[in-house]
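FYI, it's all coordinate maths here, none of it is from the lab. These numbers were taken from a predicted model, which means no experiment stands behind them. Ideal geometry is used to build each Cβ from the backbone, glycine not excepted, and the neighbour counts take in all protein chains shown.
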Amino acid sequence: MYIVPEAKIADLVSREASFEAVEQVFAAMASKDAYNFPVVREAIGHEDALYGFKGGFDRVGGSLGLKAGGYWPHNLEKRGLINHQSTVFLFDPDTGRVHAMVGGNLLTALRTAAASSVSIKHLAREDAKVMGMIGAGHQATFQLRAALEQRSFEKVIGWNYHPEMLPNIEKVAQEAGLPFEAVELEGMREADVIISITSAFSPSLMADHVSEGTHIACMGTDTKGKQEVEAALLAKAKVFTDEVAQSISIGEAQHAVGSGLIAESDVIEIGAVINGAHPGRTSDSDITLFDGTGVGLQDLAVASKVVELAIERGVAIEVDF
Ligand code: NAD
């Protein structure tokens, strides 16, 4: 089997490669060539940690395996380690033998940013100029960097619950040569594309903060009870997701579906748009919303690419197992 340590990942996999891997696997999910296994997520009663597994099988891409990991809230203060920790395990689908073990921390950020970027590519207006960010934490910087590659943006605007964190995303805008402006939530009406990536349990972005024609990628809500946008916004929007089952149970759509504002059948897999089975946006005035809940197949797709590149470049550690 091969081992690709966390420290090697940054030099191996690009945003473009992550994007292609995630776009392909979303398409495979919609055509039923790939599926995710039920997610296990447990509060283990030790260090206040949440630990779990996300797995799946992609018949087309050939990836079988799981990401194991979770959230250790005291890592940073007690040990100087990041709080989110994960590792991906890949198996040979022909034999069941373990194929690779890959550091999953940077991969998670790359595959999550790739998901919102795929949604922007397929759902945002071609003439989008103003990029809006809600959130300025660890994932937000990856999200913004990848999003700015999808359209000819001219400006970034941002709001964060903790305004002192806004320089994190301002720096990314500056690196891309774009002006940055901190705004109130009402100011998001200027945005053509909005990404929300926060750990909030109550909505910040309300339906009347969003103008006609906007595309919104809701990326922070990945657990029961979390919520970033008003449920009424989903009722005004065409709603897309990575996986419907997750969207309505742990994603942003849990609230709109739970309160009867939209039906489960209103939530469309983005893979259907990628495959051409669903038209996606049909008018410049449509509000489109992508509920990115994060599926195991995204991790496996990007990890498979990493292993391929690591073997090619001689940096994968091979062990007899
Ligand atoms: P982080 O701790 O670095 O940042 C948290 C962000 O949320 C900050 O911008 C913070 O100001 C904001 N925030 C905190 N409390 C808030 C509140 N009450 N209201 C509004 N905003 C608030 O976290 P991160 O690593 O950037 O992750 C952000 C979120 O993304 C988490 O909820 C995480 O679980 C989720 N996530 C989702 C996926 C996916 O695939 N969808 C993948 C990774 C992480």
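Spelling out what I want: for every residue of the stretch 49-65, take phi, set θ = phi - 60°, compute 6.51 cos²θ - 1.76 cosθ + 1.60 (Karplus), and round to whole Hz; glycine and proline get x.
7, 10, 10, x, 10, 10, x, x, 9, 10, 5, 6, x, x, 9, 10, x
Once amide H atoms are built 1.01 Å from N in the peptide plane, which residues 5 or more positions from K155, or in another chain, come under 5 Å H to H?
For K155, whose amide H was placed from the backbone, the distant partners under 5 Å are M131.
Can you list residues from other chains, or at least 5 along the same chain, whose modelled amide H is less than 5 Å from the amide H of I194?
Distant-sequence amide H within range of I194: G132, H215, I216, A217.
Gap in Å between the Cα centre of the stretch 114-183 and the Cα centre of the stretch 264-321?
Cα centres, the stretch 264-321 to the stretch 114-183: 20 Å.
In whole Hz and in residue order, list the ³J(HN,Hα) couplings for the stretch 287-293 that follow from phi through the Karplus curve 6.51 cos²θ - 1.76 cosθ + 1.60, θ = phi - 60°; x for Gly and Pro.
Those phi angles translate into 9, 10, 9, 9, 9, x, 8 Hz.
Can you work out D for the chain in µm² s⁻¹ from Stokes-Einstein, where Rh is the Kirkwood radius over C-alpha pairs, the temperature is 10 °C and the viscosity is 1.306 mPa s?
80
So, with +1 on the Cβ of K and R and -1 on the Cβ of D and E, and no other charges, what is the size of the charge dipole of the stretch 122-294 about its Cα centre, to the nearest 20 debye?
For this selection, approximately 160 debye.
Going by C-beta contacts inside 10 Å, put L233, L64 in order with the fewest on the left.
With the sparsest Cβ surroundings first, the list reads L64, L233.
If each residue of separation counts as 0.36 nm, what is the full-extension length gain between D127 and E181 once their alpha-carbon separation is subtracted?
17.4 nm
What 222 nm value per residue comes from the helices of the chain, counting each DSSP H run with n ≥ 4 as -39,500 (n - 2.57) and dividing by all residues, nearest 500 deg cm²/dmol?
Value at 222 nm, helices only: -9500 deg cm²/dmol.
Just need the relative contact order of the stretch 141-219 here, percent rounded to a whole number, with Cα pairs under 8 Å and 6+ apart.
Reported relative contact order: 28 percent.
Which residue, I194, A237, M219, has the largest displacement toward the positive end of the dipole of the stretch 122-294 when charges sit on each Cβ (Lys, Arg +1; Asp, Glu -1)?
M219
Along the Cα-to-Cβ line of I3, 7 Å from the Cα, sits a label point; which residues in the stretch 54-90 have backbone N less than 19 Å from it?
Taking a point 7 Å out along Cα→Cβ of I3, the residues of the stretch 54-90 whose backbone N falls under 19 Å are 66-69, 85-90.
If you plug each phi of the stretch 146-157 into the Karplus form 6.51 cos²θ - 1.76 cosθ + 1.60 with θ = phi - 60°, what whole-Hz ³J(HN,Hα) values come out, in order, with x for Gly and Pro?
6, 4, 5, 7, 8, 9, 8, 5, 10, 7, 10, 10
Structure shown: which of K67/K305; K32/K54; K54/K305; K54/K78; K54/K224; K8/K305 lie over 21 Å apart, alpha-carbon to alpha-carbon?
K54/K78
Given charges of +1 on the Cβ of Lys and Arg and -1 on the Cβ of Asp and Glu, with all other atoms neutral, how large is the dipole of the chain about its Cα centre, in debye to the nearest 20?
I would put it at about 380 debye.
Label 7 Å along Cα→Cβ of L76; the stretch 161-187 residues with amide nitrogen under 15 Å?
Taking a point 7 Å out along Cα→Cβ of L76, the residues of the stretch 161-187 whose backbone N falls under 15 Å are 161-169.
What's the exposure ranking of R313, R59, going from fewest to most Cβ atoms within 10 Å?
R313, R59
Under a cut-off of 22 Å between alpha-carbon atoms, report the lysines in cross-link reach of K171, not counting same-chain residues fewer than 8 places apart.
Partners found: K129, K155.
Please arrange D284, D222 by how many other C-beta atoms lie within 10 Å of their C-beta, fewest to most.
Listing D284, D222 from fewest to most nearby Cβ atoms yields D284, D222.
Using +1 at the Cβ of each Lys and Arg and -1 at the Cβ of each Asp and Glu in the chain, identify which of F57, A207, S117 lies farthest towards the dipole's positive end.
Projecting each Cα onto the dipole axis, the largest value belongs to F57.
At S199 and E164, where each label point lies 7 Å from the Cα along Cα→Cβ, what is the point-to-point distance in nanometres?
Those two pseudo-labels are separated by 1.6 nm.
How large is log10 I(q)/I(0) at q = 0.10 Å⁻¹ when the Debye formula is applied to the Cα atoms of the stretch 122-294, each weighted equally and without solvent?
Debye intensities relative to I(0), on a log10 scale: -0.33.
Please report, in debye to the nearest 20, how large the charge dipole of the stretch 1-75 is about its Cα centre when each Lys and Arg carries +1 at its beta carbon and each Asp and Glu carries -1 there.
The dipole magnitude comes to about 200 debye.
Would you work out which of A277, G80, L90 lies farthest towards the positive end of the dipole of the chain, given +1 charges on the beta-carbon of Lys and Arg and -1 on that of Asp and Glu, about the Cα centre?
L90
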